[in-house]
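Here the structure is laid out as structure tokens; the discussion comes afterwards.
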Amino acid sequence: STGNAPEDDAPNRYSRTERTTYSRYSRDANSSGGSLPSYTLEKRIEELERELAKERQENARLMKMAQDKEELIGKLKEEIDLLNR
């Protein structure tokens, strides 16, 4: 069940990242001295959503690679154990 722990934590990690990005962007917009037009904000939100989707895909790919490597390690350990007998 330890293999599922990183996946269970993933939604929390994404939420935290989204909140951090949003807070940072809001701070930057407020410090510029004026509010940005809503279409600019909508465009930025769409851009960030695309970036988030790419990062989620990359994260899923890396998690799959890590899982595959863990399985390979397990199989190799079993083979080593068998050869040692």
## Note on the structure
When Ser35 is run through (1) open to solvent by 80 Å² or more (accessible area, probe 1.4 Å); (2) assigned to a helix (DSSP H, G or I); (3) modelled with pLDDT of 55 or more; (4) not aliphatic (A, V, I, L, M), the failure sits at (2)
### Task
Scan the range 56-79 for residues that are of a type in the set (D, E, K, R) and without any contact (Cβ under 8 Å) to a residue 12 or more places away in the chain and jot them down.
Glu58, Arg61, Lys64, Asp68, Lys69, Glu71, Lys75, Lys77, Glu78, Glu79
### From the options Glu55, Glu78, Glu49, residue that is at pLDDT 95 or above, assigned to a helix (DSSP H, G or I), in contact with a helix residue (DSSP H, G or I) (Cβ under 9 Å, 6 or more places away or on another chain) and open to solvent by 100 Å² or more (accessible area, probe 1.4 Å)
Glu55
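The values are calculated or read from the model by the stated rules, or taken from the named source; none is laboratory data. Computed from a predicted model, the values in this text were never measured in an experiment. Note that each Cβ is placed from the backbone with ideal geometry, even for glycine, and that neighbours are counted across all protein chains shown. The area values use the complete protein model at the heavy-atom level, side chains included, leaving out ligands, DNA and RNA. Shrake-Rupley method; radii C 1.70, N 1.55, O 1.52, S 1.80 Å.
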